[in-house]
Amino acid sequence: MHLRLLSQEKICLCKFFRKKQKTYEKTKEVFGNPLMGYAPCAWNESVRGDVTLLYMDITWAELEPVEGQFAWDAIDAENQVARWQAEGKHMVLRFVCDIPGNSRHMDIPRWLYEKTGHAGKWYDTAFGKGFSPDYSNEQFLVAHKKAVKALGEHYGKSDLVSYVELGSLGHWGEWHVAYYIGIRRLPSRTVREQYVLPWLEAFPKAKHLMRRPFSIAKKQCMGLYNDMTGDVDATERWLSEIAHGGDYDQTNEEGELQSMPDFWNYAPSGGEFTSAVPMKNLLEMGLSQTINLIQKAHSTFLGPMTADAAYECGYNKVLQNLGYRLYISKAVLKPKIHGTSLEITWGNDGVAPFYQDWPVWIVVENEQGEQIEKNQLELQLNNITPGIEKKVKVILYTSGLVEKAGNGYRISVGIEDPMTGKESVRLAMDVLYEDGKNYLW
């Protein structure tokens, strides 16, 4: 009798310590994912299926044609804001005061031009015509702060605008002016920072990026963007400034550019392809060089100048090297006294992290495909940087899950977009992906 009980105990213990383990192969398949990839202009009538980001620039002239009155209906309609939000796509926003064009024009409102006493300079150069405001003007600064606040009240309370590329200053909002033709130089650091801080308050949910590694960008842990992606000389200079810092030639301020070599670990690298190099060079003859520059920059998105899809191989190769490529290498199910432990090993095969802390869900479905359990994984996705792996555990309470997983029952991982409330991230691994769920079993 005693021996028989011992034997039964042994059988139960063996069953208790049984586990189920599965490993997964990474995939090289190319696909789009939220918050990364190409960001074409939001006014495009159609975009490719891999596009999840849209680029929206707004000139001050179109934003506030009359002082204190903002043209939201016209701006939202032109940029199809309701459509993209309904489709679960996010936005890259840039506010601009000076876009060189083919004809004499202003990108600030006429009322502001009058209010500031016409402070600034009309220009006609090889790169275009336009009006460069005096960014040191006190009236201009006060009005700018109000405009940014209004933008934040309209767009900054939701998750729609995921990235703000700080514009406002200089040609194309790129923080440089052609001072060599008599345009007034950009203002000093103290004044320039007044063009930065309002954005942080107005868009608390977004990631902010600056054109160069300014001291305030380092202080505020901001991202950076390169509008000359693919141009070797310009990009290497940009990368050198990030690595070593330097002087700001626009204002002759020594040491204003700061060393930020690891910025991409916590904030994104963005920008767009240069228009100075033909697409054929970027995506065919010089493709390996283009990819190398993107990898060195740890780029997450490019737009509105994106790769031309006519060069299919180059288009896909660039997309494959943008942003994150999260994956799971192994999952282990172990029975516990109460429930089942699921241990998951995460990695990132991309060039950059996933910068938002979106919720990660584990879902169990029964033989009828019905959801019978859903638990949130205690995992901060933004901590999974390329080249490292992280293990995380969760307890599931479905009875007999070790035996049932893969035998009628399915277990999936889903990353939820807070804007839509739906799982939407495909993991870079060879598993079934369906309706935002990556099936482990």
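The values are calculated or read from the model by the stated rules, or taken from the named source; none is laboratory data. This structure is a prediction, so every number in the text was calculated from the model and none was measured. Glycine gets a Cβ as well: all are built from the backbone with ideal geometry, and neighbour counts include every protein chain shown. For the accessible areas, the whole protein counts, side chains as well, though only heavy atoms, and no ligand, DNA or RNA atoms are used. Shrake-Rupley method; radii C 1.70, N 1.55, O 1.52, S 1.80 Å.
Want the number for residue 191 to residue 136: 0.36 nm per residue separation, take away the alpha-carbon distance, what's left? Let's see the in-between values first.
On the way: separation 55, 0.36 × 55 = 19.80 nm, distance 0.69 nm.
Length gained between residue 191 and residue 136: 19.1 nm.
Residues with beta-carbon under 14 Å from that of residue 167, excluding residue 167: net charge, scoring Lys, Arg +1 and Asp, Glu -1? Write down the numbers at each step before the final one.
Numbers: positive: 94, 192, 211, 212; negative: 57, 62, 98, 107, 165, 174, 227, 272.
Within the 14 Å Cβ shell, the charges total -4.
Give the lysines reachable from residue 19 as a straight Cα distance under 23 Å; neighbours fewer than 8 places away on the same chain don't count.
10, 330, 334, 336, 374, 390, 391, 393, 404
Mind jotting down the distance between the C-alpha centroids of the stretch 232-251 and the stretch 301-371, whole Å?
33
Any idea what the relative contact order of the chain is, in percent, if you count C-alpha pairs under 8 Å spaced at least 6 apart? List each step's numbers first, then the result.
On the way: 948 pairs, mean separation 63.6, N = 441.
Answer for the chain is 14 percent.
For residue 122 paired with residue 382, estimate the spin-label separation in nm (one decimal), with each label point 7 Å from Cα along the Cα-to-Cβ line.
In this crude label model, residue 122 to residue 382 measures out at 4.7 nm.
Please give the peptides 228-240, 119-131 ranked by average Cβ packing (other Cβ atoms within 10 Å per residue), highest first, as a rough proxy for protection. Can you show the working numbers first?
Values: 228-240: 17.9, 119-131: 15.6.
Order by mean packing, descending: 228-240, 119-131.
Roughly speaking, what is the stretch gain from residue 313 to residue 219, that is 0.36 nm per residue apart minus the C-alpha to C-alpha distance, in nm to one decimal?
Details: separation 94, 0.36 × 94 = 33.84 nm, distance 3.95 nm.
Going from the current span to full extension adds 29.9 nm.
Under unit Cβ charges (Lys, Arg +1; Asp, Glu -1), what dipole magnitude, rounded to 20 debye, does the chain have relative to its Cα centre? Can you show the working numbers first?
Values: 49 positive and 56 negative charges, 391 e Å.
I would put it at about 1880 debye.
Show the residues, 5+ positions off or on another chain, whose built amide H is closer than 5 Å to the amide H of residue 207.
163, 164
Compute the accessible area per residue over the stretch 256-405, keeping the other protein chains in place, probe 1.4 Å, unit Å².
Values: 6100 Å² over 150 residues.
That works out to 41 Å² for each residue.
Find out how many positive minus negative residues lie around residue 309, taking Lys and Arg as positive, Asp and Glu as negative, among other residues whose Cβ is under 14 Å from that of residue 309. Walk me through the numbers on the way to the answer.
Numbers: positive: 48, 280, 317; negative: 50, 284, 308, 312.
Summing Lys/Arg as +1 and Asp/Glu as -1 gives -1.
Can you grab the distance from the C-alpha centre of the stretch 110-124 to the C-alpha centre of the stretch 175-203, Å, no decimals?
So the two Cα centres are separated by 16 Å.
Which three lengths, in whole Å and largest first, does the stretch 43-192 cover when its Cα atoms are put on their principal axes?
46, 33, 28
Obtain the nm distance between the two label points defined at residue 332 and residue 66 by a simple spin-label model: each point lies 7 Å from its Cα along the Cα-to-C-beta direction.
Computed distance between label sites residue 332 and residue 66 equals 6.8 nm.
Within 10 Å, Cβ to Cβ, of residue 360, how many net charges do the neighbouring residues add up to if Lys/Arg are +1 and Asp/Glu are -1? Walk me through the intermediate numbers first.
Numbers: positive: none; negative: 357, 378, 416, 423.
Net of charged neighbours comes to -4.
For the stretch 11-102, which trypsin sites (Lys or Arg not before Pro) are both in a DSSP coil and crowded by at most 16 other Cβ atoms within 10 Å?
Working: sites: 15, 18, 19, 20, 22, 26, 28, 48, 83, 89, 94; in loops: 18, 19, 28, 48, 89.
Here the trypsin sites (Lys or Arg not before Pro) that fit, given the DSSP loop and packing criteria, are 18, 19, 28, 48.
Give me a comma-separated list of calculated 3J(HN,Hα) values for the stretch 357-370, in order, Karplus coefficients 6.51, -1.76, 1.60 applied at θ = phi - 60°, integers in Hz, x for any Gly or Pro.
9, 6, x, 10, 10, 9, 10, 10, 10, 8, 4, 8, x, 8
For the stretch 11-119, what class follows from the C-alpha gyration tensor (a ≥ b ≥ c being the square roots of its eigenvalues): rounded when a/c is under 1.5, otherwise prolate if a/b is larger than b/c, else oblate?
Details: a/c = 3.86, a/b = 3.16, b/c = 1.22.
It is prolate, given that a/c is not under 1.5 and a/b is the larger ratio.
For the chain, which whole percent of the accessible surface, found with a 1.4 angstrom probe, sits on carbon and sulfur atoms?
Details: 9540 of 19860 Å².
Answer for the chain is 48 percent, counting heavy atoms of protein chains only.
So for the stretch 186-276, averaging the separation of alpha carbon pairs under 8 Å that are six or more residues apart and normalising by length, what relative contact order in percent results? Show your work: numbers first, answer last.
On the way: 138 pairs, mean separation 30.1, N = 91.
Relative CO of the stretch 186-276 lands at 33 percent.
How long are the semi-axes of the equivalent ellipsoid of the stretch 370-441, taking √(5λ) for every eigenvalue λ of the Cα gyration tensor, in whole Å from largest down?
Those come to 22, 16, 13 Å.
Mind listing P(r) for the chain? All alpha-carbon pairs, 10 Å bins, whole percents.
Final binned percentages: 4, 19, 27, 23, 13, 7, 4, 2, 1, 0, 0.
Using packing as a proxy for protection, rank 364-375, 340-351 so that the peptide with the highest average count of other Cβ atoms within 10 Å comes first. Display every interim value, and only then the final one.
Working: 364-375: 13.3, 340-351: 20.8.
Packing proxy ranking, top to bottom: 340-351, 364-375.
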